[in-house]
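*Asks:* The structure follows.
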Amino acid sequence: MEAIILQILNGLDKGSAYALIALGLTLIFGTLGVVNFAHGAIFMIGAFVAVTLNRVLNLSFSVIDETRTDFLGNPMQVQVPYVEHWFGTQTGAAIIDWSVPLAIIVAIPIMALIGIAMERGLIKHFYKRPHADQILVTFGLAIVLQEIIKAFYGANPIPTPAPDAFVGSFDLGQIFGFEPFAIMYPYWRLVYFAFAAVVIGAVFAFLQFTTFGMVVRAGMADRETVGILGIDIDKRFTTMFAIAAIVAGLAGVMYTPILSPNYHMGMDFLVLSFVVVVVGGMGSLGGAVAAGFLLGVLQSFASMSQVIDLIPGINQVIIYLVAIIVLLTRPRGLMGRKGVMED
Amino acid sequence: MSDKNLSRRGLLKAGAATGVALSLPTIFTSKAYGFTNEPGASSVTLGFNVPQTGAYADEGADELRAYQLAVEHLNGEGDGGMLNTFSSQVLDGTGILGRRVEYVTGDTQTSSDAARSSARSMIERDGAIMITGGSSSGVAVAVQALCQEAGVIFMAGLTHSNDTTGKDRKANGFRHFFNSYMSGAALAPVLANAYGTDRNAYYLTADYNWGYTTEQAIQEATEGVGWNTVNTVRTPLGAGDFSSYITPVLGSGADTLVLVHYGGDMVNSLTNAVQFGLREAQANGRDFQIVVPLFSRLMARGAGENIRGIFGSTNWHWSLQDEGSQAFTRSFGEKYGFPPSQAAHTCYVQTLLYADAVSRAGTFNPCGVVEALEGFEFDGLGNGPTLYRAEDHQCFKDVLVVRGKENPDSEYDLLEIVEVTPVDQVTYAPDHPQFSGGELGTCNPGA
Amino acid sequence: MLGLNKADLRLYLIVLGMLIFAPFIMNPFPEGSGLAQFNGGYPDLLQKLVIFGIFAVGFNILFGLTGYLSFGHAAFLGVGSYAGVWMMKLLTMNVVPALIISVLTAGLLSVIIGYVSLRRSGIYFSILTLAFAQMCYSLAYSVLTPITGGETGLTLSLNDPRVLGTSQTAEGNIPVPHFFGLEMNASSTLELGAWSFTFNTGYYFCAVVMAVAFYFAIRLFRSPFGLMLRAVKSNQARMSYTGLNARPYTLAAFVISGMYAGLAGGLMVAMDPLAGAERMIWTASGEVVLMAILGGVGTLIGPILGAGVIKYLESIISTINSTILHQWFAFLPDGLEDFVVAIIYPFVGKGWHLTLGIVFMLVVIFLPGGIVEGGKRIGNLFRRKRREETPPSSTTTPAPKPGE
């Protein structure tokens, strides 16, 4: 029982990341009709915003410590971060410690700018082009973005720890009447889950309760008519692209303590989140979120050794297997609408 | 009508040309060389085949640095590095057999296909007489087989799987790096000493060849000192989030987790294990422990603080105090500003060993080189007295058991050496079951 | 002539000429010169160009004619390779049975995958093929290691039970793949002054296969069947109103194109007897899409050109390192030399992915029709100039046919 609950938690956690990326993807599908293969790269860039902020906060000047020597036998140069120098050792260290949450604030404008630049500079010219062209140009963009990141940060993963306050695990089981220590779950993963829930809720509320959202939803349903009504739908779609970029970027920022970021994490998540979008139904926001959590949970269950013993290799293929079954039984995904992306 | 005639004539011409082209091999005689890519009088070309793109690109970059350093030293530039400490003193800084050493580089992309292709282009286009490098066993085995077919020498880079000198060994291929069996044999006594002889181990294993041989090696070695294996679970390559593999560990009755992962997977699985509190956990009335059989310092950086206090094994570390290691660390550090990795070390040593073998044999002929390397005993290259065993072309030398350092001085100073396991303890018979099923064949000098 | 019209015949002869003279065309620079770095006339690359050309031509039969974008074609190539190696391990080192079994196995797999995937269209079809191919890759890399060799790849060994043939040669080596005695790795060199040209048996074997495969593709493009496939692309709904069921046609196209991929996979192992799982990963499937688009989708020659350009760039750019760059620019003053090298360096060697990405973006943005369209535009430019110079003649340029 405990094992299953833990796996559900794992699945929800994985699912949060899938859902956040897929949400942005499907938002872009639904509004702009563009298949954006660079969306994974936006997630990756979000993670590297956190890495960069961490590095900036760690910018140091060196002091020569005569008492110690480095690996060549010369006097050791000790690095003192400017932040610690300016704000005092304790405050400075605390600022560095909280670099990941701080990165959220930094990431929002940066991701919005990147999103707008991408849409205005590139994607805009591809609205009328075939989907294959959209896939290719965004795929090319994804390669370029990840190679640029690699040129600056190298290929190996970079550790970006969560604040000390969130290190360790929370005894979740005790609240629900289980034995103590039966269901321990790391604080940061719970934070990630809550964060994802808030972001998803915010996006839905924005689309549901604001005039802006209403117009965008109308545009998703029938772009032409909205245009005829004299509404400049393009400008709003640019904003939607920026929002999608922010959502994916924040997903990346918050994910860094769970997974040390590397330059190809975007590509790793891209195919998965693509499958998530298709399983959920193209252009369906609810579908993307539901499918994200569903696939996350199924993937976790398939990783249990009891299941692997029963069906060897199932943990390798479960996502794709589910995608095939869903697409064959429900042609437009779980919650897809008719006529979207079928040409 | 005339149109048709024209095209028929055209086709006849094309047909004749095709016929000539197809019969070309018999018209021209092949170059009358004794062996593939016999070098000219002034220079010799080596092929450095390292991962420049993909997940191991940083290892590849470090290997390339070491190769460039080795070439400098062979050509008599720089401070000479380990040439001065090498027990065999036939290399004098005038290149190899009086020929200046030049090199070409290729990208393995950490894929056996791409690696073979770039090795082939170095052999066919650039006339490389020896191929070396790589940062994974799949690539090493694939390229080694290619070099055997093409008739050039392969000096393996970082490859840890038993198969490279086990079931996939080849006469033209040589490995200086240690292997899974040696890791197990070196680790088991240290682990028994530190954690007791009645541990229950849970294995998370990367689901590919290297994972299989390493899991088997560690399992057999630890069971030899009394440990018990609770479960072994295979994890997909690049799984990213390992939480669903980690969470069942605590409830399984195990008190030790062995992470048979390398590279990015090792960083992620170790980070996840620490996040889930395995290091603070208690099981069977004891502190829970984590073991990582193969450490790589470059990758260890990605795991940050999580690596502290964790046991593992490594081929070489820059903090070794012997003369050879210090000479190498000094000349590498002065050129590049940071200490070399174990991948850099093994690649540098392999280049020197090849050059030395050619010089002693007096010929670049692969069969002469094979003869010179087989059974060769040397010292002064950082691992103490070492033997290149004739039966399987594997180097036998001391193995380092290391532990993540508690208070590192710098970002390079992550591992501390716990024990230098003497070579006798890690030596095995050439037909040991973990290595069976392969044969060297005979050396192939090619054309 | 050969059942081809005049334009097609000309195209076919051009391709034949390119195939025959490739060792010369690809080696324009003398040995030892600074530009020799750009020579591509060595067997490995020439074989790759032709093999990926076949792969792309086959892919184009599906994508170019029917518009169905498969993201899983690399799986057929991989399965073909595995089948080919197994044939060499078990039966004979002659490449003919290996090629036959490669094509058949890939065909069989494409019947299964195609039958299921073609129940959906558009992006759903793409995702289904992607899912199947990724499953093949993941399983081949891990649990199917006993059959596929996993990470290392499936290789020949010294104790293969080869029924027709020997397990090892007299010298104790693994025998070489051959075509009735013609060894695939045999090469001859022709020295002409400073130039050196290599003629490789394996390459010419590939070239012959390519010639046959390309001929078949032309015939298929021009056949009533090809017309039917184009009808699927332009308007499937209208086609079904006329009482025609599109599914059998698309399935046939899918299987044929899968068999081309299998043929390419078989040729790969005939040239170099190792089958690695990475050749089935989704980015490998993406690569063939890029080849087709780069060259020009739906055109006959485009995919061949696209495959050529991508494989050539990959082989050449990735081997350029900083030492070579410094050699090239050694004539510049020191400071300037370092500056130029510093600018170029991120795009070559380990940075060749970056170059590749940029090239794709530029091509897709500015040349949606690929290289073929670029060639036409340049051609039109010249033609217009000539027309301005000479009085208009009575000859009319034929209207471009679809698929040209």
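*Asks:* Go through the stretch B:78-195 and tell me which helices (runs of 4 or more DSSP H), entirely inside it, have 2 or more residues that are touching a Phe, Trp or Tyr at 6+ places or on another chain (Cβ under 7 Å), more than 26 Å from residue B:213 (Cβ to Cβ) and within 14 Å of chain C (Cβ to nearest Cβ).
*Replies:* Correct list: B:112-124.
*Asks:* Would you point out the residue of the stretch B:196-241, among those that are in contact with an Asp or Glu (Cβ under 8 Å, 6 or more places away or on another chain) and of a type in the set (Phe, Trp, Tyr), that is nearest to the other protein chains (Cβ to nearest Cβ)?
*Replies:* B:208
*Asks:* Is it fair to say residue B:325 is within 18 Å of residue B:84 (Cα to Cα), in a helix (DSSP H, G or I) and in contact with a Gly (Cβ under 7 Å, 6 or more places away or on another chain)?
*Replies:* Answer is yes for this residue.
*Asks:* To continue, here is another question. For the structure I just gave you, tell me whether residue A:95 is surrounded by 15 or more Cβ atoms within 10 Å (Cβ to Cβ), more than 14 Å from every other protein chain (Cβ to nearest Cβ) and either over 16 Å from the mean Cα position of the chain (by Cα) or at pLDDT below 85 (or both).
*Replies:* Considered against the rule, which asks whether it is surrounded by 15 or more Cβ atoms within 10 Å (Cβ to Cβ), more than 14 Å from every other protein chain (Cβ to nearest Cβ) and either over 16 Å from the mean Cα position of the chain (by Cα) or at pLDDT below 85 (or both), residue A:95 comes out as yes.
*Asks:* Out of C:266, C:306, C:298, report the one residue that is more than 30 Å from residue B:138 (Cα to Cα), more than 14 Å from chain B (Cβ to nearest Cβ) and of a type in the set (Gly, Ala, Ser).
*Replies:* From the options C:266, C:306, C:298, the qualifying one is C:298.
*Asks:* Mind listing just one residue for me: the one in the stretch B:58-77 that is surrounded by 18 or more Cβ atoms within 10 Å (Cβ to Cβ) and touching a strand residue (DSSP E or B) at 6+ places or on another chain (Cβ under 7 Å) and, of those, farthest from the other protein chains (Cβ to nearest Cβ)?
*Replies:* Only one residue fits best here, namely B:74.
*Asks:* Let me ask you something else. Considering (1) farther than 30 Å from residue B:267 by Cα; (2) small (Gly, Ala, Ser); (3) under 19 Å from the mean Cα position of the chain (by Cα), say which one residue A:196 fails and leave the rest.
*Replies:* Condition (1) is where residue A:196 drops out.
*Asks:* For the stretch C:145-185, enumerate the residues that are farther than 15 Å from residue C:94 by Cβ, in a loop (DSSP other than H, G, I, E, B) and under 27 Å from the mean Cα position of the chain (by Cα).
*Replies:* Result: C:149, C:150, C:151, C:152, C:153.
*Asks:* Residues to consider are A:243, A:233, A:228; find the one that is modelled with pLDDT of 90 or more and of a type outside the set (Phe, Trp, Tyr).
*Replies:* A:243
*Asks:* Determine if the stretch A:160-175 includes at least one residue that is among the charged types (D, E, K, R) and surrounded by fewer than 17 Cβ atoms within 10 Å (Cβ to Cβ).
*Replies:* Looking for residues that are among the charged types (D, E, K, R) and surrounded by fewer than 17 Cβ atoms within 10 Å (Cβ to Cβ), one finds at least one in the stretch A:160-175, hence yes.
*Asks:* Looking only at the stretch B:227-251, how many residues end up being farther than 23 Å from residue A:296 by Cα and part of a loop (DSSP other than H, G, I, E, B)?
*Replies:* Result for the stretch B:227-251: 1.
*Asks:* Tell me yes or no: at least one residue of the stretch A:129-150 is facing another protein chain (nearest Cβ under 10 Å), of a type outside the set (Phe, Trp, Tyr) and not in a helix (DSSP H, G or I).
*Replies:* yes
*Asks:* Could I ask something else about it? Output the residues belonging to the stretch A:111-131 that are crowded, with 20+ Cβ neighbours inside 10 Å and over 14 Å from residue A:40 (Cα atoms).
*Replies:* Within the stretch A:111-131, A:119, A:123, A:126 qualify.
*Asks:* For the stretch C:1-49, how many residues meet the condition of being exposed (fewer than 15 other Cβ atoms within 10 Å of the Cβ) and either within 11 Å of another protein chain (Cβ to nearest Cβ) or not in a loop (DSSP other than H, G, I, E, B) (or both)?
*Replies:* 13
*Asks:* Return the residues of the stretch C:133-159 that are facing chain A (nearest Cβ under 8 Å) and of a type in the set (Val, Ile, Thr); say none if nothing qualifies.
*Replies:* C:143
*Asks:* Can I ask one more? Only one of these is under 25 Å from residue C:196 (Cα atoms) and either of a type in the set (A, V, I, L, M, F, W, C) or under 16 Å from the mean Cα position of the chain (by Cα) (or both): C:18, C:87, C:93. Name it.
*Replies:* It is C:18.
*Asks:* Can you list the helices (runs of 4 or more DSSP H) found entirely within the stretch A:155-237 that contain at least 2 residues being of a type in the set (D, E, K, R) and away from chain B (no Cβ under 14 Å)?
*Replies:* Hits in the stretch A:155-237: A:223-228.
*Asks:* Any residue at all in the stretch B:340-356 that's more than 21 Å from residue B:218 (Cβ to Cβ), surrounded by fewer than 20 Cβ atoms within 10 Å (Cβ to Cβ) and modelled with pLDDT under 95?
*Replies:* Among the residues of the stretch B:340-356, not one is more than 21 Å from residue B:218 (Cβ to Cβ), surrounded by fewer than 20 Cβ atoms within 10 Å (Cβ to Cβ) and modelled with pLDDT under 95, which makes the answer no.
*Asks:* Would you pick out the residues in the stretch A:16-39 that are closer than 22 Å to residue B:241 by Cα and out of contact with any Leu (no Cβ under 7 Å at 6 or more places or on another chain)?
*Replies:* Those that are closer than 22 Å to residue B:241 by Cα and out of contact with any Leu (no Cβ under 7 Å at 6 or more places or on another chain): A:16, A:17, A:19, A:20, A:21, A:22, A:24, A:25.
*Asks:* Conditions: (1) surrounded by 17 or more Cβ atoms within 10 Å (Cβ to Cβ); (2) among the β-branched types (Val, Ile, Thr); (3) more than 30 Å from residue B:337 (Cα to Cα). Residue A:83 meets all but one. Number of the miss?
*Replies:* Every listed condition holds for residue A:83 apart from (3).
*Asks:* Just name the residue that is nearest to residue A:204 (Cα to Cα) out of those in the stretch A:4-33 that are among the hydrophobic types (A, V, I, L, M, F, W, C), within 10 Å of chain B (Cβ to nearest Cβ) and buried (at least 23 other Cβ atoms within 10 Å of the Cβ).
*Replies:* Only one residue fits best here, namely A:17.
*Asks:* Can you report the number of residues in the stretch C:279-312 which are of a type in the set (Asp, Glu) and free of Cβ contacts under 8 Å to residues at least 40 places away in the same chain?
*Replies:* Residues flagged as of a type in the set (Asp, Glu) and free of Cβ contacts under 8 Å to residues at least 40 places away in the same chain within the stretch C:279-312 amount to 0.
The values are calculated or read from the model by the stated rules, or taken from the named source; none is laboratory data. Keep in mind it's a predicted model, so treat the numbers as computed, not measured. Every residue, glycine as well, gets a Cβ built from its backbone with ideal geometry; the counts of neighbours run over all protein chains shown.
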